[in-house]
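Asks: Encoded as structure tokens, here's the structure I'll be asking about.
The values are calculated or read from the model by the stated rules, or taken from the named source; none is laboratory data. What you are looking at is a predicted structure, and each value in this text was computed from that prediction instead of being measured. Glycine gets a Cβ as well: all are built from the backbone with ideal geometry, and neighbour counts include every protein chain shown. Just so you know, the surface numbers come from the protein's heavy atoms only, side chains and all, with ligands and any DNA or RNA stripped out. Shrake-Rupley method; radii C 1.70, N 1.55, O 1.52, S 1.80 Å.
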Amino acid sequence: MYTFDLKLKPMKSLILSGLLLIVMYSCTTTPTADENVANTAEEESEVRLSKEQIDSLIEFIDSKRALAEDKKDNRIELLTENLREKIKQKWQKIHYYLDGNSVIRIKTYPYENISKRTEEFYFYDGKLILAIIRDSGVEDSEDRNKGIDKMYYFNNDAVLKEVNLSDEKEFTIRESDGEELLSEAAEYLTLLPK
């Protein structure tokens, strides 16, 4: 640890203090993918991510998705019959996948005779990082990407990227889809059986 001679003349002390501040400021590190996902929404709105940063975040999110899909042993099932109308009309059941006490994945299942669509939500550090929509409702298989129609990547409660793999053509990206998925995911988290 450095000690300072308090007998230095004021100008020398000022210069030394300035240099110390410059050295301390230059020692900051660049954020990792983990830290980028954990940034606040306010910070994200002020900072534009480069293509490389977005690609890095997507790679990170895809790795978290793979880990979540491999964890199938700690699953909780919630039947929707006692939930609010909008949820119980749309879904028959909801599966929660946990890592310890943290929800890392939620998958919704429709009524068999009404629809085949499923939605999957992936979380990191309590925040939604990915939502996947499968209109064909393909169950888990060896090919993780089989049957995916749309993927929404999130960073700090905002859509980072939308991927449309369906044959359905879209002319604009609707931010409301991402916002609706964020809202649904937040509600499903509150419904986790204790």
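Asks: What residue, of ASN82, ASN74, is at pLDDT below 95, surrounded by fewer than 17 Cβ atoms within 10 Å (Cβ to Cβ) and in contact with a strand residue (DSSP E or B) (Cβ under 6 Å, 6 or more places away or on another chain)?
Replies: ASN74
Asks: Restricting to segment 85-105, name every residue that is under 13 Å from LEU189 (Cα atoms) and either more than 25 Å from the chain's Cα centre (by Cα) or open to solvent by 80 Å² or more (accessible area, probe 1.4 Å) (or both).
Replies: Correct list: ASN101 only.
Asks: Follow-up question, since we're still on this one. Check segment 56-68 and report whether any residue there is loosely packed, with under 14 Cβ neighbours inside 10 Å, among the charged types (D, E, K, R), at pLDDT 85 or above and part of a loop (DSSP other than H, G, I, E, B).
Replies: no
Asks: May I pose another question? Could you list, in sequence order, the residues of segment 69-102 that are touching a residue at least 40 places away in the same chain (Cβ under 8 Å) and in a helix (DSSP H, G or I)?
Replies: The answer is GLU69, ILE87.
Asks: Which one of the conditions (1) open to solvent by less than 30 Å² (accessible area, probe 1.4 Å); (2) out of contact with any helix residue (DSSP H, G or I) (no Cβ under 8 Å at 6 or more places or on another chain); (3) at pLDDT 80 or above does SER166 fail to meet, given that it meets all the rest?
Replies: In the conditions (1) open to solvent by less than 30 Å² (accessible area, probe 1.4 Å); (2) out of contact with any helix residue (DSSP H, G or I) (no Cβ under 8 Å at 6 or more places or on another chain); (3) at pLDDT 80 or above, SER166 misses (3) alone.
Asks: Just to be sure I understand the filter: pairs with C-beta atoms under 7 Å, separated by 6 or more residues or on different chains, first member in segment 177-188 and in contact (Cβ under 8 Å) with a residue 24 or more places away in the chain and within 11 Å of ALA131 (Cα to Cα), second member open to solvent by less than 20 Å² (accessible area, probe 1.4 Å) and of a type in the set (Gly, Ala, Ser). Which pairs pass?
Replies: If the second residue must be open to solvent by less than 20 Å² (accessible area, probe 1.4 Å) and of a type in the set (Gly, Ala, Ser), the pairs left are LEU181/ALA131; ALA185/ALA131.
For (1) surrounded by 15 or more Cβ atoms within 10 Å (Cβ to Cβ); (2) β-branched (Val, Ile, Thr); (3) at pLDDT 90 or above; (4) assigned to a strand (DSSP E or B), each residue gets a yes or a no:
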residue: LEU130; (1), (2), (3), (4): yes, no, yes, yes
residue: ASP140; (1), (2), (3), (4): no, no, no, no
residue: ARG144; (1), (2), (3), (4): no, no, no, no
residue: GLU162; (1), (2), (3), (4): yes, no, yes, yes
residue: THR172; (1), (2), (3), (4): no, yes, no, no
